[in-house]
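The values are calculated or read from the model by the stated rules, or taken from the named source; none is laboratory data. Predicted, not measured: the structure shown is a model, and the values here were computed from it. Every residue, glycine as well, gets a Cβ built from its backbone with ideal geometry; the counts of neighbours run over all protein chains shown.
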Amino acid sequence: MEVLHTIGEAIWFIFPAYVANATPVVLGGGPPIDFNKKLPDGNRILGDGKTILGFITGLLGGSIFGILQHLAYGRLGGWGIAILLSLGALIGDMVGSFLKRRRGLARGSPMPGLDQLEFIVGAVLVGSLIVVPRWEMLVVLLVFTPLIHLGTNLVGYKLGFKSEPY
Ligand code: CTP
Ligand code: MG
């Protein structure tokens, strides 16, 4: 029971990061954050998968979700950390794309591990300004999120929102 409680607590805590990560898939689009700029290696800084609208809607989506969570049941770190978790998730996602482009990987190409954990690591790091999760929660986040992420991406793919199932 202790274990189930920790799992629930960890997922409730990190949920704004998930929302921030998922919202751009549906509401993103338009001009890319890197304004089509390339680095001397010949590859885009971030690529077309990271858009300004996606960043804004992701930040709003995750933050609003976290505020609702807090109003409904309360959450660790209050609503303020929901904004940091969302911001961190989006930054982590951009760092992941930056690293993929430096390896010459095209937009949307898979990089197992990185694709599933970049946003969680970013969220936890930035969120740590307010709350550092207990180590049991961190274990849950690192083990469960790749599984949940793969599951939700498969759903997004089947629904036609994503062009790849991962
Ligand atoms: N998205 C966006 N803006 C962001 C993040 C994501 O518009 N800041 C949208 C894009 O349509 C993107 C989709 O969400 O294609 C899925 O995001 P992700 O899997 O992170 O991007 P990829 O297209 O796979 O690109 P990359 O190879 O850079 O990860
Ligand atoms: Mg991707």
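Values for this structure:
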item: Residue within region 132-155 that is touching a Leu at 6+ places or on another chain (Cβ under 8 Å) and away from ligand 1 (no atom under 16 Å from the Cβ) present; result: yes
item: Residue ID - surrounded by the most Cβ atoms within 10 Å (Cβ to Cβ), chosen from residues in region 34-58 that are under 26 Å from TRP79 (Cβ atoms) and touching a Leu at 6+ places or on another chain (Cβ under 6 Å); result: GLY58
item: Some residue of region 42-52 being β-branched (Val, Ile, Thr), within 12 Å of ligand 1 (Cβ to nearest atom), more than 18 Å from VAL131 (Cα to Cα) and in contact with a Lys or Arg (Cβ under 8 Å, 6 or more places away or on another chain); result: yes
item: Selection within region 1-37 - away from ligand 1 (no atom under 14 Å from the Cβ) and either of a type in the set (Phe, Trp, Tyr) or part of a strand (DSSP E or B) (or both); result: TRP12, PHE13, PHE15
item: Checking MET111 against (1) over 22 Å from PRO40 (Cα atoms); (2) in contact (Cβ under 8 Å) with a residue 40 or more places away in the chain; (3) within 12 Å of ligand 1 (Cβ to nearest atom); (4) not polar (S, T, N, Q), the condition it does not meet; result: (2)
item: Identity of the residue in region 1-42, more than 25 Å from SER63 (Cα to Cα) and of a type in the set (Asp, Glu), that ends up modelled with the lowest pLDDT; result: GLU2
